[in-house]
1. In nm, what is the difference between 0.36 nm times the number of residues separating Lys151 and Asn104 and their Cα-Cα distance?
2. In whole Hz, with x marking every Gly and Pro, tabulate ³J(HN,Hα) for the range 257-267 from phi via Karplus 6.51 cos²θ - 1.76 cosθ + 1.60, θ = phi - 60°.
3. Pairs of Cα atoms under 8 Å, at least six residues apart: use those to get the relative contact order of the chain, whole percent.
4. In the structure displayed, which of Lys193/Lys252; Lys96/Lys252; Lys184/Lys248; Lys111/Lys248 lie more than 28 Å apart, Cα to Cα?
5. Across the range 201-212, in residue order, what do the Karplus-derived ³J(HN,Hα) couplings come to in whole Hz, using 6.51 cos²θ - 1.76 cosθ + 1.60 with θ = phi - 60° and x for Gly and Pro?
6. What are the ³J(HN,Hα) values, in whole Hz, obtained from phi via the Karplus relation 6.51 cos²θ - 1.76 cosθ + 1.60 with θ = phi - 60°, for each residue of the range 55-63 in sequence order, with x given for Gly and Pro?
7. Which pairs break 21 Å Cα to Cα here: Lys151/Lys227; Lys49/Lys141; Lys62/Lys141; Lys62/Lys125; Lys49/Lys93?
8. Where does each of 15-28, 108-121, 133-146 land if you order them by average Cβ count within 10 Å, highest first?
Amino acid sequence: MIQHKDLDDPQTLEVIVIGGGIAGLSAAIYLGRAQRDTLVIDSGHSMAKWEPVVENYLGFPKGVGGEELLKNGRKQAQRHHVKFSRDEIKEIKSRKGLFVLRGNKRTYRTKRLLLATGIFHLPPKIPGVKQCLGHSMFFCKDCDGFRVREKRIAICGANNEAVEYALGMLLYSACVMIATNGEKPRWSKQHAKWLEEYEIPVHKGRITDVEHRNRKILSLRSVNDRKMKIDYIFTTRGDIFHTELAEKLGAKLDQEGQIEVDHCMRTTVPNLYAAGCVTPANCQMIIAAGEGAAAAQAINRDLFEESLKTHSLRRFREVQLEQGETMPEGV
């Protein structure tokens with residue numbers, strides 16, 4: 001198979017994807033099938049691996065584990081000759097239209113760079129709650145509201161988002177409360193009125209412990225040793241977007257700290273793309289996969305148009321003419 005590798009610099013990859021999560025793997029599959037010389041650099045920190053059962057991913061009526069999705073996605077990309085490197089990128093510089101990446105293990109060079117570095121959801125500061133992550137403690141009502149129907153739900157937070165989460169969860173359960181975990185409420189007067197209108201209880205004490213068994217929450221215990229029986233926790237503590245590399249390259253971020261992209265997943269830096277939860281998209285796995293695919297298609301088109309301008313496609317064609325049969329029989 002003749003690869004589309006840069007004929008002038010065989011050490012330069014056509015595309016590097018930083019991040020081996022859902023968005024990065026989706027992009028890699030599309031790029032591999034487009035015959036692009038593609039490398040995925042993965043540090044192994046995708047949030048998807050913490051999801052024991054994903055129930056809203058198309059094509060899995062009984063749900064699918066996040067780790068299974070990652071494993072299958074990687075196999076699918078490798079089937080299309082995508083290469084993988086377990087590394088962590090520490091620095092990126094842009095030189096003469098190329099990106100030079102310095103990792104812990106080696107240095108990489110590429111013509112197009114896709115950042116699929118993802119997000120980290122901050123769990124609430126409650127002892128014992130991390131063990132319940134993905135099993136009875138969740139971050140997203142759109143993903144997991146359906147699975148907590150008619151259960152006892154606590155929303156951990158003290159801001160407007162916490163109030164809106166509590167209001168939204170009323171569609172799934174009548175038993176919803178807010179636990180501020182000792183924080184002073186920061187919600188607006190309008191949000192306070194909604195809490196009163198919809199009669200949503202608010203517990204303002206600090207939570208000292210979570211009672212759980214087999215990762216299933218049984219109750220919350222507060223400073224006054226008060227015990228509140230709860231089945232599930234949702235948190236709105238906040239997110240950390242992994243945008244450090246994008247910022248160092250000069251990419252523009254929005255007010256929430258996410259990488260700004262256009263409809264083709266292009267950032268404000270030429271030849272730099274971003275996809276998945278590190279962008280302003282709703283942080284859903286299936287949306288991340290779609291963004292990865294969109295970015296890959298845009299990158300592929302961009303490389304094709306460049307090959308016409310630089311005549312590298314002509315040089316590639318000359319190799320084909322020398323090496324193989326290029327005319328159908330009878331023509």
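Read the figures in this text as sums done on the coordinates, not as results from a lab. Bear in mind the structure is a predicted one, so any value in this text is a computation, not a measurement. For neighbour counting, all protein chains shown are included, and Cβ atoms are generated from backbone atoms with ideal geometry for every residue, glycine included.
1. Details: separation 47, 0.36 × 47 = 16.92 nm, distance 4.61 nm.
Net length gain for the segment: 12.3 nm.
2. x, 9, 6, 6, 9, 8, 5, 9, 6, 7, 8
3. On the way: 657 pairs, mean separation 63.4, N = 331.
RCO, the chain: 19 percent.
4. Lys193/Lys252; Lys184/Lys248
5. Working through the residues one at a time gives x, 10, 9, 9, x, 6, 8, 9, 6, 10, 8, 8 Hz.
6. Working through the residues one at a time gives 9, 10, 9, 3, x, 10, x, 9, x Hz.
7. Values: Lys151/Lys227 17 Å; Lys49/Lys141 19 Å; Lys62/Lys141 19 Å; Lys62/Lys125 32 Å; Lys49/Lys93 30 Å.
Long pairs (Cα-Cα over 21 Å): Lys62/Lys125; Lys49/Lys93.
8. Descending packing order for the listed peptides: 15-28, 108-121, 133-146.
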